[in-house]
1. Within the group 211, 144, 216, which residue is over 20 Å from residue 54 (Cβ atoms), among the hydrophobic types (A, V, I, L, M, F, W, C) and outside any helix (DSSP H, G or I)?
2. Restricting the search to segment 59-68, which residues are in a strand (DSSP E or B) and either touching a Gly at 6+ places or on another chain (Cβ under 8 Å) or surrounded by fewer than 17 Cβ atoms within 10 Å (Cβ to Cβ) (or both)?
3. Which of the residues that make up segment 92-128 are farther than 20 Å from residue 72 by Cβ and in contact (Cβ under 8 Å) with a residue 40 or more places away in the chain?
4. When you go through (1) over 13 Å from residue 37 (Cβ atoms); (2) more than 17 Å from the chain's Cα centre (by Cα) one by one for residue 187, which number turns out not to apply?
5. Tally up the residues in segment 69-88 that are surrounded by fewer than 18 Cβ atoms within 10 Å (Cβ to Cβ) and either charged (D, E, K, R) or farther than 18 Å from residue 125 by Cα (or both), please.
6. Take segment 27-48 and flag every residue that is over 19 Å from residue 179 (Cβ atoms) and either assigned to a helix (DSSP H, G or I) or at pLDDT 85 or above (or both).
7. Which one of the conditions (1) crowded, with 17+ Cβ neighbours inside 10 Å; (2) more than 25 Å from residue 175 (Cα to Cα); (3) at pLDDT 95 or above does residue 51 fail to meet, given that it meets all the rest?
8. Looking only at segment 78-133, which residues are outside any strand (DSSP E or B) and either β-branched (Val, Ile, Thr) or in contact with a helix residue (DSSP H, G or I) (Cβ under 6 Å, 6 or more places away or on another chain) (or both)?
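The values are calculated or read from the model by the stated rules, or taken from the named source; none is laboratory data. For clarity, every value in this text was computed on a predicted model and none was experimentally measured. Note that we place each Cβ from the backbone using ideal geometry, even for glycine, and neighbour counts take in every protein chain shown.
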Amino acid sequence: MNSTRRYLIILFVCTFVTITGLSAATLTEGQSMLKTLDDQSNLKEKDFSALMTMISEDPDTGVEKTKVLQFRSDNDDKFLLLIQEPAVKKGQGYLLVDDNLWFYDPESRKFSHTSMKDQFNQSDANNSDFNSSSLSENYKVASIEEGKLGNYSVYILDIEALNNEVTYPKQKLWVTASNTLLLKSEDYSASGRLMRTSYYPSYTKSEGNFIPTKMIFVDELIPGKKTTINIGEISFKDIPDTVFTKSYVERVNN
């Protein structure tokens, strides 16, 4: 083998290794971003409560305003959502405890098992939107690229589910390059059909955690259908364990 050919082979191998290394590092970096998104939004040492005001717009049924008390305890992976308005739905609740999600109907005074994948109160939000984030556990990064979203420099991540527990098998995320905040996501079916687009235009920060104060969920299957959620009266005070029980949900509605 002459020296020129040997040099070209060595150059090709080195170039291939370099490209492969960069690609692997980039995907690893993307996986690290998912972990950062989880860490920044999850409140491991704090409880969380807030009042959510939801405006659901449907071209067939019109506009509905719903007020919901939200309680979260990420340490124990629990949450409780209690509907306050409208009056006809007051007292309905969604309780996550021991990996089971229960819906409570105060009219029948019965609990029924429901799914994290289901829509919340017939809105464009899913029950899973109110749980602690676990992107890094449930998804792998398939691709990552740099981009722009409005005035923000972002990384655009295509992620694929590692299990069947998630609500959407595929997602595309727009994450700020400066502080790793989720600004937008697109949710896809397994076949690649766009189901929903979500926007997170504003956040509040508390001791290193970021909580979205506004979320917009757009139904991509029904034109004109969307839900906007504004989150206020935020508190990080401890919540008694008794709040995350069926007896509390029943009692608070009496």
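1. On the way: 211 fails: over 20 Å from residue 54 (Cβ atoms); 216 fails: over 20 Å from residue 54 (Cβ atoms).
Just a single option satisfies the conditions, and that option is 144.
2. Applying the first criterion (in a strand (DSSP E or B)) to segment 59-68 yields 62-68.
Listed by number, the residues that qualify are 62, 63, 65, 67.
3. 106, 109, 122, 124, listed by residue number.
4. Looking at each condition in turn, residue 187 falls short on (2).
5. Selection size over segment 69-88: 6.
6. Once the filter is applied, which keeps residues that are over 19 Å from residue 179 (Cβ atoms) and either assigned to a helix (DSSP H, G or I) or at pLDDT 85 or above (or both), segment 27-48 yields 27, 28, 46, 47, 48.
7. That leaves (1) as the condition not met.
8. Across segment 78-133, the qualifying residues are 88, 116, 118, 120, 133.
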